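**Student:** Pasting in a structure now, in structure tokens, and then I'll have a few things to ask.
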Amino acid sequence: MDTTIELTVDGERRAVTVDTRTTLLDALRERLGNTSPKKGCDHGQCGSCTVLLDGRRHLTCLALALSYDGAEITTAAGLARDGLHPVQQAFLDHDGYQCGYCTPGQVCSAVGMLDEASRDAPSHVTEDLDVPTTLEDLTDSEIRERMSGNLCRCGAYPGILAAVRQVAGA
Amino acid sequence: MKELAYVRASDPAQAVATVADDPDARFLGGGTNLVDHLKLGITTPGTLVDISHLPLDGFEETADGLTIGANVRNSDLAADRRVRAGWPVVSRALLAGASGQIRNQATTGGNLLQRTRCVYFQDPTTPCNKREPGSGCSAAGGYGRYNAILGASPACVTVHPSDLAVALAAVDAAVLVLGPGGRRRIPAAELHRLPGDDAEHDTVLGHGDLITAVELPASALARRSTYVKVRDRASFAFALVSVAVALDLAEDGTVTDVRVVWGGVAHKPWRAERAEDALRGRPLTEAAVRAAADAELASAAPSSDAGYKVPMVRNATALAFRRLVPALAEEDR
């Protein structure tokens, strides 16, 4: 059953007609032609479909598009609208990729993660939950833990870690 | 994926009525588990009733503690200052689960109602009594590393995957449910059930029952609580075993009250009451903790594949107590 919904994608309001079963990822890629989010596992295990949805990092493969009518989505491509985002520049500076397939998801995840950390969100490796979290506290183990939802099968993790560390300023 | 209808619920009562009237309808929350199941063909509902836009996403401070709306995201619950201070085991359990992206999407109610990650349940080409009642259990004679060691039955040997459910049982939380018959309140420790001869049902909820909130009662126990989770990799994996401990200790080191709940070992969060009884009213030592865990594990019946979980959950329990009382390990040396 087809229904038309509205999404704001990378700053543009777009109407898109979707089936009840269409995922947000397929709506973006196949219906709106935005191939920035990638289909890796399509089961929520790899993070390559990550976007910023209403300001937060969010998977698009485990999301039915109908449920997100009216949402505001920023993809990695959208982050570069006015020149490269500092996270994107840092990935270039530190070779935070090899084949590049996971990179748009890694970039969106890093942007969302840094925002979470700046708003006092703790992680699994945070020692003391009473101490406020800040960007300066992001140790390597904090960054690794907070980025664990994004797999890189080329194994570019050292570069990804260095890139995120540069932007965090830790 | 089978064709399906989609309804965006406008209020909780209407959502409940819609699902209750249609045996083929299901609630859709954050979708992190259900959407995957639709893709895999594990479940084939005719209608999805989307509850993710219902205004069940607030925190309410009450005389007894904190009430969490069912749609509060796992990330928001974990980061809440009141939860971190008053119920650290809840924050810890959530932070030990899934990934940052999934925690931003997954809800409090949905976390409790997620289904098992048993590899046979997730593979529609194999028999599974939980997915297809009466078809048999492939895990009992198959790949058994993730299987239960307590409370299993011939019908089902799997474990419940929720970390949050284990934590809630340790802080005497309650689950508020709106169903076709009205509202009711279920102790979190009684929400999930053992399989017996009915592997299909994970919880005591019926069709059309909607979790609307979770109550966290404030207590000395809850304030001194933590969560230890052992996984195959450092992050973003389900528990092999996990332990939630909440502890109220007198000034002289005697255990005033205690909760010990295990995850990854049974079809439900396993409240280790024999272990708690062995510890209550006595001085807390590392040896006492290990003996208490052994008292509980006396009834464990692991397959050879899952036998490693017995020492693992004993050690994880000792580690949880050491995190709450760092002096423990020192005393015993």
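**Student:** Which angle from 0 to 90°, rounded to the nearest 10, does the C-alpha axis of helix B:309-324 make with the longest principal axis of chain B?
**Tutor:** Helix B:309-324 sits roughly 70 degrees off the main axis of chain B.
**Student:** For the stretch A:2-79, report the translational diffusion coefficient in µm²/s to the nearest whole number, using Stokes-Einstein at 10 °C, 1.306 mPa s, and a Kirkwood Rh over Cα pairs. Spell out each step's value before the answer.
**Tutor:** Details: Rh = 12.0 Å.
Result for D is 132 µm²/s.
**Student:** Kindly state, to the nearest 0.05, the FRET efficiency for B:SER135 paired with A:THR134, given R0 = 41 Å and r defined as their beta-carbon distance.
**Tutor:** On the way: r = 53 Å, r/R0 = 1.29.
The formula returns an efficiency of 0.20 here.
**Student:** Something else about it: Between chains B and A, what is the buried accessible area in Å², counting both sides, with a 1.4 Å probe and ligands, DNA and RNA left out, to the nearest 100?
**Tutor:** Values: alone 14280 and 8710 Å², together 19700 Å².
Chain pair B/A: roughly 3300 Å² of buried accessible area.
**Student:** At a Cα cut-off below 25 Å, give the lysines reachable from B:LYS229, other chains included and same-chain residues fewer than 8 away excluded.
**Tutor:** Answer for B:LYS229, where 25 Å is the Cα cut-off: B:LYS268, B:LYS309, listed by chain and number.
**Student:** Hey, any idea what % of the stretch A:86-168's accessible area is carbon plus sulfur with a 1.4 Å probe? All intermediate terms of the calculation are to be shown ahead of the outcome.
**Tutor:** Details: 1950 of 3620 Å².
Taking all protein chains in place, the stretch A:86-168 shows 54 percent carbon and sulfur surface.
**Student:** Once the dipole of the stretch B:251-333 is set up with Lys and Arg at +1 and Asp and Glu at -1 on Cβ about the Cα centre, which of B:ALA288, B:VAL261, B:ALA306 lies farthest towards its positive end?
**Tutor:** Among B:ALA288, B:VAL261, B:ALA306, the one farthest towards the positive end of the dipole of the stretch B:251-333 is B:ALA306.
**Student:** If you roll a 1.4 angstrom probe over the protein chains with everything in place, what fraction of the accessible area of chain B belongs to carbon and sulfur, to the nearest %?
**Tutor:** Values: 6440 of 12590 Å².
With neighbouring chains kept in place, the figure for chain B is 51 percent.
**Student:** Moving on. If we count GluC sites (Glu not before Pro) as exposed when they sit in a DSSP loop and have at most 13 other beta carbons within 10 Å, what is the longest stretch of chain B that avoids them all? Mind showing how you got there, number by number?
**Tutor:** Numbers: sites that count: B:GLU3, B:GLU251.
Result for the longest clean stretch: B:4-250.
**Student:** For chain B, set up a GNM with springs between Cα atoms under 10 Å and report which of B:PHE27, B:PHE236, B:PHE321 has the largest fluctuation.
**Tutor:** B:PHE236
**Student:** Skipping prolines and chain starts, which residues have an amide H placed within reach, meaning under 5 Å, of the one on B:ALA5, given they are 5 or more residues away or on another chain?
**Tutor:** Here B:THR47, B:LEU48 satisfy the definition.
**Student:** Another question, then. Provide the FRET efficiency to the nearest 0.05 for the A:THR3-A:ASP54 pair, computing r from the beta carbons and using R0 = 22 Å. If you can, show how the numbers build up before the last one.
**Tutor:** Working: r = 20 Å, r/R0 = 0.92.
For R0 = 22 Å, the calculated efficiency reads 0.65.
**Student:** Which residue, A:VAL111, A:VAL16, A:VAL87, has the most motion in a Gaussian network model of chain A that connects Cα atoms within less than 10 Å?
**Tutor:** A:VAL16
**Student:** Now for a separate question. Taking the alpha-carbon distance from B:LYS39 and a cut-off under 24 Å, which lysines remain once sequence neighbours fewer than 8 residues away in the same chain are dropped?
**Tutor:** Straight-line reach from B:LYS39, under 24 Å: A:LYS38, A:LYS39, B:LYS2, B:LYS130.
**Student:** Report the FRET efficiency, 1/(1 + (r/R0)^6), for B:GLN14 and A:SER118, where r is their Cβ-Cβ distance and R0 is 41 Å, rounded to 0.05. Walk me through the intermediate numbers first.
**Tutor:** Numbers: r = 39 Å, r/R0 = 0.95.
Working from the Cβ atoms, E equals 0.55.
**Student:** Amide H neighbours of B:LEU210 under 5 Å, at least 5 residues apart or on other chains, H built in the peptide plane: list them.
**Tutor:** Counting only residues 5 or more places away or on other chains, the set is B:LEU178, B:GLY179.
**Student:** So if I take the centroid of the Cα atoms in the stretch A:73-103 and the same for the stretch B:20-54, what is the distance between those two points in Å?
**Tutor:** 35 Å
**Student:** Quick one: length gained pulling B:ASP24 to B:THR62 fully straight, 0.36 nm per residue minus the C-alpha distance? The partial results should precede the final answer.
**Tutor:** Numbers: separation 38, 0.36 × 38 = 13.68 nm, distance 3.71 nm.
Extra length from B:ASP24 to B:THR62 when fully extended: 10.0 nm.
The values are calculated or read from the model by the stated rules, or taken from the named source; none is laboratory data. Just so we're clear, the structure is a prediction, and the values are computed from it rather than from any experiment. Neighbour counts are summed over all protein chains in view; Cβ atoms, including those assigned to glycine, are modelled from backbone coordinates with ideal geometry. These accessible areas exclude ligands, DNA and RNA; they are computed on the full protein's heavy atoms, side chains included. Shrake-Rupley method; radii C 1.70, N 1.55, O 1.52, S 1.80 Å.
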